[in-house]
Amino acid sequence: MDELAGDMIDGVWRALGEIEELAAARADGHEADPTDELDALRRHGCLSAPLRPDGAGFVYHYPARRALPVFVALGGADLSLGRLFEGHANALQLVSLFGHAEQKAIVRARVEAGALMGVWGADGRPPFAAHPTEDGTLRLAGSKRYASGLGAVSLALVPLTDAEGRLCLFLIDVDEPDRLDFSSWHMRGMRASRSGTFRFDGMEIPAGAALGAPDDYRREPFFMGGIWRCAAVQLGAIERIVRGLVEGLRETGRLDHPLQSARVGEAILAARDARLQVEAAARAVEGGEEAELAASLAVFARLRVESAGLAVIALAERGLGLSAFAEDHPLARPIRDLSTYLRQANPDAALLDHARRLSARLPEIFR
Ligand SMILES: Cc1cc2nc3c(=O)[nH]c(=O)nc-3n(C[C@H](O)[C@H](O)[C@H](O)COP(=O)(O)OP(=O)(O)OC[C@H]3O[C@@H](n4cnc5c(N)ncnc54)[C@H](O)[C@@H]3O)c2cc1C
């Protein structure tokens, strides 16, 4: 391991220590501002940890064995922060894969100066649109919703489906406070993810803001396959809730009751199962497995994490009882955040589509 990488790994764990303390202090049901936690990531060099300098630009270098423990630990400490860091890593990987030299140089300089990135895909009403102008720029309209990191993210990757149905990506400077709209984010959890709507109406961007060619973004294993990072962050919260269940039962002297022990056993089984799937998906996506197969494994890991998360939340609430519903209970925020963050796009279609794909490849997955 080179010295620089060693420093950054240490930095991540120092930042995590600070973030755990901050998150514990915010366990009051009114947490909404991740500024201090993001500063901890910045100060300890975590935002540029996935970058390996390459000329004036960079390549994304965040092997699963290094990245996975960080995503899991962040998710366990503060799920909103994990979500923000996961989106940042996703954006850096896409710029590394598809960006041109100038875009990579800009992104590297901005991120080394502390910029947070995001990927804002979900369309608002009216949806995001880009119209060519006579002077060769693109005039933007519409909005993206459920965009996390509003006001904290300063560079976003924004996808657009063009008239031919191709998916195009744009790298856009979103450091514009007047365009942020938090009013659509009245969610029970993930309040500190700073999510909401970003309005693009009237913005102009150069045509060179396109990242890669149309449909590059859809290339596997990093399109659907990238969901393994989100699943790893969620896994961190699942394991945290299992630990909280065990600690809570031990403190009240109820751990050895057979029915409570059975609950703990079911929770550990679900969490371990989720972990094994996420680890396998991370290895497949980042480690060179055939692209379509790796993407399917990542989608299935996401679905297993979802079912494991829902099961563990139910077991913890049933096992701990009313005390776990107090707003200042240590598990109240992780449960509220996880039950919100588990709602990712179209789980039914994900199951059907990848069941069909994987059923044609059973010899490869049962080897
Ligand atoms: C904390 C948080 C942060 C986020 N940050 C970002 C971000 O930065 N960028 C971004 O792009 N997105 C972000 N998202 C949004 C996320 O990517 C998804 O778009 C969103 O979570 C979708 O959730 P949904 O429940 O509306 O999904 P839906 O797809 O509406 O699913 C809801 C239910 O309906 C079913 N369903 C879906 N379609 C159909 C259909 N046609 N017919 C019948 N049933 C259907 C599904 O299977 C599911 O059961 C974030 C979400 C969260 C929770």
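The values are calculated or read from the model by the stated rules, or taken from the named source; none is laboratory data. Fair warning: this is a prediction, and the values are worked out from it, not measured in the lab. All Cβ positions, even for glycine, are placed from backbone atoms using ideal geometry, and neighbour counts span all protein chains on display. Ligands, DNA and RNA are excluded from the accessible area calculation, which covers all protein heavy atoms including side chains. Shrake-Rupley method; radii C 1.70, N 1.55, O 1.52, S 1.80 Å.
Here are the numbers:
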| read-out | value |
| --- | --- |
| Ellipsoid equivalent to the stretch 129-216 - semi-axes via the Cα gyration tensor, in Å | 25, 14, 11 |
| Gain on full stretching of the segment that runs from Asp54 to Ala163 - 0.36 nm per residue minus C-alpha separation | 35.7 nm |
| For the stretch 3-115, projected area of the alpha-carbon convex hull averaged over all directions, nm² | 6.8 nm² |
| Long-range HN-HN contacts of Leu155 with modeled amide H, under 5 Å | Leu116, Gly118, Val174 |
| Per residue, in Å², the accessible surface of the stretch 3-115 once ligands and nucleic acids are set aside, probe 1.4 Å | 39 Å² |
| Per-selection Rg to Rh, the chain - Cα, Kirkwood hydrodynamic radius | 0.97 |
| Whole-Hz ³J(HN,Hα) from phi, Karplus 6.51 cos²θ - 1.76 cosθ + 1.60, for the stretch 55-61, glycine and proline x | x, 7, x, 7, 10, 6, 9 |
| Hz values of 3J(HN,Hα) by residue in the stretch 143-153 - Karplus curve (6.51, -1.76, 1.60), Gly and Pro given as x | 8, 10, 10, 6, 7, 8, x, 4, x, 9, 6 |
| Solvent exposure of the stretch 227-365 as accessible area per residue, Å², 1.4 Å probe | 46 Å² |
| Solvent-accessible surface (1.4 angstrom probe) belonging to Ile268, in square angstrom, nearest 10 | 80 Å² |
| The chain: DSSP helices with Cα axial extent of at least 18 Å and average Kyte-Doolittle hydropathy no lower than -1.0 | 3-25, 64-77, 79-98, 227-251, 258-286, 291-320 |
| Percent accessible area from carbon and sulfur atoms, the chain, protein chains only, probe 1.4 Å | 54 percent |
| Heavy atoms of Tyr60: accessible area, 1.4 Å probe, square angstrom to 10 | 40 Å² |
| Pairwise label distance in nanometres, Ser183 with Ile268, each label 7 Å out on the Cα-Cβ vector | 5.1 nm |
| Helical mean residue ellipticity (222 nm; -39500 (n - 2.57) per DSSP H run of 4+; nearest 500) of the chain | -17500 deg cm²/dmol |
| Residue with peak Gaussian network fluctuation, the chain [Cα springs, cutoff 10 Å], from Ala24, Ala282, Ala163 | Ala163 |
| Label-point separation in nm, Ala109 to Ala360, each point 7 Å along Cα→Cβ | 4.6 nm |
| Label-zone membership for the stretch 154-197, site Ala32, 7 angstrom Cα→C-beta point, backbone N under 18 Å | 177-197 |
| Residue-by-residue Karplus 3J(HN,Hα) for the stretch 188-205, coefficients 6.51, -1.76, 1.60, Hz, glycine and proline x | 5, x, 6, 5, 7, 7, 6, 8, x, 10, 10, 9, 9, 3, x, 5, 10, 10 |
| Spin-label pair Gln344/Leu322, simplified geometry with 7 Å Cα→Cβ offset, distance in nm | 3.7 nm |
| Translational diffusion of the stretch 283-341, µm² s⁻¹ [Kirkwood Rh, Cα pairs; Stokes-Einstein; 10 °C; 1.306 mPa s] | 119 µm²/s |
| For q = 0.14, 0.15, 0.19 Å⁻¹, Debye-computed log10 I/I(0) when each Cα of the stretch 227-365 counts as one equal scatterer | -0.66, -0.73, -1.01 |
